[in-house]
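The values are calculated or read from the model by the stated rules, or taken from the named source; none is laboratory data. On a predicted model such as this, the values are computed, not experimentally measured, just so you know. Don't worry about glycine lacking a Cβ; one is built from the backbone with ideal geometry, like all the others, and counts go over all protein chains shown. Ligands, DNA and RNA are stripped out before the accessible areas are found, and what is left, the full protein with its side chains, is counted by its heavy atoms. Shrake-Rupley method; radii C 1.70, N 1.55, O 1.52, S 1.80 Å.
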Amino acid sequence: MESTERNPRRVVLGVSGSIAAYKAAEIIRLFRKARVDVHVVMTPSAQRFIAPLTLGTLSGHPVTVDMFAAETGGAYMEWGREEKGGIAHIQASRESELIVVAPATGNLIGKVAHGIADEPLSTMILASSVRVLFAPAMNTRMWENPATQANVRALIGRGYRFVDPEEGDLACGEFGRGKMAEPREIVDQALRLLGPGRPELPAVLVTAGRTEEALDPVRYVSNRSSGKMGFAIAEAARDLGYPVTLVHGAVSEPLPLGIERVEARTALAMMQALKKLSKSHPILIMAAAVADYRAEKPSKSKIASGKKGLAIDLAPNPDILEGLARDRAGRITVGFALETGGGLARAREKMRRKGCDLMVMNDPTRPGSAFGGDTNEVVLLRYDGGEERLPLMTKYEVAREILARIELLATAPARKGKKK
Ligand code: C5P
């Protein structure tokens, strides 16, 4: 499990000269949060928009700004070890898996389309065989110019990828297409292109967030789950190299990046999605807060206000975990039990009834374990009666603990092949 962290994913971030260059700082932050090592290469004009010092400090590596570093004795980058001299444009991309160019100007795109290499970034792209993802940023007319469009088409035809620019207010005061895609969108697409770090690991299916059960077209029954715990599990599994799919209901936080995502807003929709996906995912971690009830017959029109003693018939939702436990064929299943004021015995009973290998019990009324918070204090219950009380830690750390227990379970001979 640790090998992915010892050999982090490596991405080159190429920055060309657009006002959107300041967003490169956020792109680096998001990559590093996803445990991706970033080496920055800047064109001379990019350096007029943002200082190499800023991007170098954020990435933790010297920035390549000089094609002639070997001649001038300037620093160049070799992954993991900074040295003097060498051929910067060849070296930095050699051990990376992907070059992301954000922002990519019309000029830079044009140069790459025509094989021009007259500064470090275009030179590196020409000299490299790794995949390249461009995030264009320019004035609408530059973007729509037939020359730019022809260049983009030519590059797509050669296998280069693009995150299309968005429509919005541009720095030149105009409105139109040309605004660089948001950093989250760029990093999401980059991580998806990289794919899982260790595709040979069993695929993990994680649920997160809350379901919303409609009462009428505008109202619903739900709960306070933010989605953070499930997101932390999906991110931790991604960072360890697992292939991950996230099934989520309503959430209050930005969705994790670089992960296959399926939205399922109601318990019934979530059950359908999981029935299908569970067949191809040997690990299921059910962190979603599924509403226990739904309206028997949701009203087609908005229920009028002021009704005295309004009664709505509720029907119990199917228990998704319990249903899936029946044909779980060797799958490892982790459930969450939210109990206020103790409740170990209740959590244990749930674990048995729902056929879980591991039950994560938490109490949202305890300090540090609140809905939407970044920390949690949990008790891990094992199918064989084992019980582990973990100290207060971040949700990401809790996720790592859960995944470590799953790895042990996956190799435990006593449990292997026992399930029907
Ligand atoms: O019974 P309780 O709601 O406390 O059980 C919590 C666990 O069961 C969680 O893992 C939750 O995702 C799952 N669950 C489910 N289907 C439901 C309700 C809860 O799978 N209808």
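Tabulated data
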| quantity | calculated |
| --- | --- |
| Length added when fully stretched, Phe175-Ala150, from 0.36 nm per residue minus Cα-Cα | 6.7 nm |
| Solvent-accessible area per residue, Å², over the chain with all protein chains present [probe radius 1.4 Å] | 47 Å² |
| Karplus-derived 3J(HN,Hα), 6.51/-1.76/1.60, for each residue of segment 153-158, Hz, glycine and proline x | 4, 4, 5, 4, x, 9 |
| Kirkwood hydrodynamic radius (C-alpha pairs) into Stokes-Einstein, segment 227-276, 20 °C and 1.002 mPa s, D in µm²/s | 190 µm²/s |
| Residues Glu397 and Phe68, FRET efficiency given R0 of 35 Å [Cβ-Cβ distance, rounded to 0.05] | 0.15 |
| Modelled FRET efficiency - R0 60 Å, Leu268 with Leu193, Cβ distances, 0.05 increments | 0.95 |
| In sequence order, calculated HN-Hα J values of segment 400-411 (Karplus, 6.51, -1.76, 1.60; Hz; x Gly/Pro) | 5, 5, 4, 5, 5, 5, 5, 4, 5, 4, 5, 9 |
| Sites matching trypsin sites (Lys or Arg not before Pro) across segment 310-418 that sit in DSSP coil, with at most 14 neighbouring C-beta atoms within 10 Å | Arg326, Lys416, Lys418 |
| DSSP-loop trypsin sites (Lys or Arg not before Pro) across segment 119-177, with at most 11 other Cβ within 10 angstrom | Arg158 |
| Amide H contacts under 5 Å for Gly330, placed H, 5+ residues apart | Lys419 |
| Ranked by how many other beta carbons lie within 10 Å on average, peptides 213-223, 303-313 from highest | 213-223, 303-313 |
| Amide H partners (placed H, <5 Å) of Val247, local residues excluded | Val206, Thr207, Ala208, Val262 |
| Beta bridges by DSSP in segment 205-299, antiparallel share as percent, to the nearest 5 | 20 percent |
| Translational D in µm²/s for segment 141-210 (Stokes-Einstein at 20 °C, 1.002 mPa s, Kirkwood Rh from C-alpha pairs) | 141 µm²/s |
| Other-chain or far-sequence residues with amide H under 5 Å of Ser226's (modelled H) | Gly372 |
| Percent accessible area from carbon and sulfur atoms, the chain, protein chains only, probe 1.4 Å | 52 percent |
| Hz values of 3J(HN,Hα) by residue in segment 35-45 - Karplus curve (6.51, -1.76, 1.60), Gly and Pro given as x | 6, 9, 7, 10, 10, 9, 10, 10, 7, x, 6 |
| Whether segment 273-420 is rounded, prolate or oblate, judged on the alpha carbon gyration tensor where a/c under 1.5 counts as rounded | oblate |
| Cα principal axis extents for segment 208-356, largest first, Å | 54, 36, 31 |
| Overall dimensions of the chain by Cα: Rg and Dmax, Å | 25.2, 85 |
| Segment 90-167 and segment 315-371: distance between their alpha carbon centers, rounded to Å | 49 Å |
| Antiparallel %, DSSP beta bridges [both residues in segment 151-271], to 5 | 45 percent |
| For the chain, share of DSSP beta bridges that run antiparallel, in % to the nearest 5 | 35 percent |
